[in-house]
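Report on the structure given below.
The values are calculated or read from the model by the stated rules, or taken from the named source; none is laboratory data. These numbers were taken from a predicted model, which means no experiment stands behind them. Cβ placement follows ideal geometry from the backbone for every residue including glycine, while neighbour counts extend to all protein chains displayed.
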Amino acid sequence: MKRMISTLLCFTLLLGTTGCSNAQGAESDSKEYANALFDDSYVHTIDIQIDEDSWADLLENPTEKTKYKSTVVIDGNTVENVSFATKGNSSLSQVADSESNRYSFKLNFGKFVEGQTYVGLDKLNLQNICSDATYMKDYLAYEIMKECGVASPLTSYVSLSINGEVYGLYLALEDISDSFLERTYGVDYGELYKPETEMLGNMGQHGKKNMELPQVMEKPDGMERPENAQAPAPTNGEKTDMPKGAGQRPEGGMGMGGTAKGADLVYTDDEISSYSDIFDNAETDATDEDKARLIASLKQLSTGENLEKCVDVDAVVRYFVAHNFVLNGDSYTGSMLHNYWLYEDDGILSMLPWDYNLAFGGFQMKGSNDATSIVNTAIDTPLYEQNLGKRPMWDKVMAKEENIQLYHDYFNTLIADYFESGKFENTINRVSTMIRPYVESDPTAWYTVEEFDTAVDTITKFCLLRAQSIRTQLDGSLASTTAEQKTEDMIDAGSIDISAMGSQGKGRGNDDKRNPEEGKATTDKTKK
């Protein structure tokens, strides 16, 4: 149900004082937190002051996600009675089963004090930057999203302390909830969902710490890239069907995400129960009327006609430009059917980005760690699932020639304005220089500073080569579909080791090649 936020008595911290705010004031505060905590020109400080018994219980039962009361000090400003908890699903279980206690955390400023915020921010995620030796995958992915004009969460770096003891360098990430929605869409915003297949939604729940998660996925038979394969030439100026290429799953398969009940955005019928992946993961208070409206939008999407009645086409195209640049297989375009938000407003759907720590080739199928193949991933056939109709937000939108052209136009702008202009290199040099001292002294780091240096160099080369490949795909020197690509036309990325940027399940506490005594400090599970 769309809502107008009413005037509420709320507790808002500003320069160490508290006060009241109405809807207009909350909007002002939202802008304030964007310029305060999310000023990414320096590393912020956050100290979590939590009762020792509560902290010990959190470390003993991390997958329970218990909400503990804490006092939080952000850049010297104190907020009391803040909810503090672990966060994540499979990533939470991964840390719980490792030698580390470097969890990701969530702060909810209004959980125990209704209406309380931090200068307008209601919830904050503290990302542990696992599987990311660059410390920048999430940060850069959201920067690229913003460069493409995609509504994205704000980020900054923080030096996190627990009870005054430095815990590590974390990424502060704006939660996709009320304050984000108001900042992005105004007070009269729509409905928000985080589609998640049932199996993934249950990972890390109820203390099931011993769930065995795949580190890499076996490649189905017939998945090798065809050598010099050619697709039929278009006739009469019409666009041919997108070819089935690398990453195809067996017919009807739903991948590691389990059987989809809406997370693929496929229309099945008009029953609300058929879309539990969506509606069981509603962020806003959706009514049955809201749910029926979303189902009607999926039904319209399934026809591929009059898409402007059900999809914000421009927003979706921009999303896929950024998303398909950074290559995140742990997503809607990959095999896992999660890690995106679905926004609906008056029957119009769009997608919002989430969770990119395994982007830039970090989530690859076994046997697919060839950097040249990854860098040259075809922009017009990006799906792991190539059965038409199985990912309608891509298939139906991009079946229209004018949308593919818009997609290419936005890609051209991204490559020219962000990569070829030098802006990307300036950004990565600035950020890596800023955070390197914190990486070097990080007591709970997943990676050494030497690995960080190598990873930064690697992701810089990767992105520049990816941009170069996309430029050749746009100008026709390299085909933009998998089946048409020829090996000899590809940009050579053979000098890059994708795993140097970090990959699933790798890092201190998870890699048996590491010295088990390194970097334990405050994370050693024997020191609670």
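Observations, loosely collected:
- Residue check for residue 97: modelled with pLDDT of 95 or more and either acidic (Asp, Glu) or surrounded by fewer than 15 Cβ atoms within 10 Å (Cβ to Cβ) (or both): no
- Residues of region 121-165 that turn out to be under 30 Å from residue 313 (Cα atoms) and either polar (S, T, N, Q) or in a loop (DSSP other than H, G, I, E, B) (or both), as a count: 12
- In region 139-176, the residues that are surrounded by fewer than 24 Cβ atoms within 10 Å (Cβ to Cβ) and of a type in the set (Asp, Glu): 143, 147, 165, 175
- Scope region 276-321; condition touching a residue at least 60 places away in the same chain (Cβ under 8 Å), under 21 Å from residue 396 (Cα atoms) and not in a helix (DSSP H, G or I); matching residues: 304, 311
- Number of positions in region 52-73 that are under 16 Å from residue 164 (Cβ atoms) and either part of a strand (DSSP E or B) or among the polar types (S, T, N, Q) (or both): 5
- Among (1) at negative phi; (2) touching a Pro at 6+ places or on another chain (Cβ under 9 Å); (3) outside any helix (DSSP H, G or I) - the single one residue 329 does not satisfy: (2)
- Residue in region 450-458 that is among the polar types (S, T, N, Q), at pLDDT 95 or above, in contact with a Gly (Cβ under 6 Å, 6 or more places away or on another chain) and buried (at least 21 other Cβ atoms within 10 Å of the Cβ) present: no
- Scan region 439-469 for residues that are touching a Lys or Arg at 6+ places or on another chain (Cβ under 6 Å) and either free of Cβ contacts under 8 Å to residues at least 40 places away in the same chain or among the β-branched types (Val, Ile, Thr) (or both) and the total you get is 1.
- Out of 147, 143, sole residue that is touching a helix residue (DSSP H, G or I) at 6+ places or on another chain (Cβ under 6 Å) and among the charged types (D, E, K, R): 147
- Where a residue in region 30-45 is crowded, with 18+ Cβ neighbours inside 10 Å and its partner, wherever it lies, is at pLDDT below 95 and assigned to a loop (DSSP other than H, G, I, E, B), with Cβ under 7 Å and at least six apart: none
- Looking only at residues in region 336-353 that are among the aliphatic types (A, V, I, L, M) and either touching a His at 6+ places or on another chain (Cβ under 9 Å) or farther than 13 Å from residue 298 by Cα (or both), the one that is surrounded by the most Cβ atoms within 10 Å (Cβ to Cβ) is 337.
- Looking across region 468-499, the residues that are within 23 Å of residue 322 (Cβ to Cβ) and either touching a Leu at 6+ places or on another chain (Cβ under 8 Å) or among the β-branched types (Val, Ile, Thr) (or both) come down to 469, 470, 472, 480, 481, 482, 485, 490, 491, 493, 496, 498.
- In this structure, residue 40 does not qualify as assigned to a strand (DSSP E or B) and modelled with pLDDT of 95 or more.
- Checked against the criterion of being of a type in the set (Ser, Thr, Tyr) and closer than 30 Å to residue 263 by Cα, the candidates 407, 418 yield just one match: 407.
- Residue within region 47-69 that is in contact with a Ser or Thr (Cβ under 7 Å, 6 or more places away or on another chain), closer than 18 Å to residue 172 by Cβ, basic (Lys, Arg) and at pLDDT 95 or above present: no
- Test: residue 404 is outside any helix (DSSP H, G or I), at pLDDT 95 or above, out of contact with any strand residue (DSSP E or B) (no Cβ under 8 Å at 6 or more places or on another chain) and of a type in the set (A, V, I, L, M): no
- Residue 418 falls short of the stated requirement of being more than 26 Å from residue 454 (Cβ to Cβ), touching a helix residue (DSSP H, G or I) at 6+ places or on another chain (Cβ under 6 Å) and at pLDDT 95 or above.
- Selection from region 64-86 of residues that are surrounded by fewer than 15 Cβ atoms within 10 Å (Cβ to Cβ) and on the phi > 0 side of the Ramachandran plot: 75, 76
Per-residue answers, yes or no, for (1) under 19 Å from residue 184 (Cα atoms); (2) modelled with pLDDT of 95 or more; (3) of a type in the set (Phe, Trp, Tyr); (4) within 13 Å of the chain's Cα centre (by Cα):
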| residue | (1), (2), (3), (4) |
| --- | --- |
| 338 | no, no, no, yes |
| 346 | yes, yes, no, no |
| 350 | yes, yes, no, no |
| 366 | no, no, no, no |
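- Long-range neighbours under 8 Å by Cβ, at least six apart or interchain, first residue within 8 Å of residue 498 (Cβ to Cβ) within region 369-382, second crowded, with 19+ Cβ neighbours inside 10 Å and of a type in the set (Ser, Thr, Tyr): 374/368
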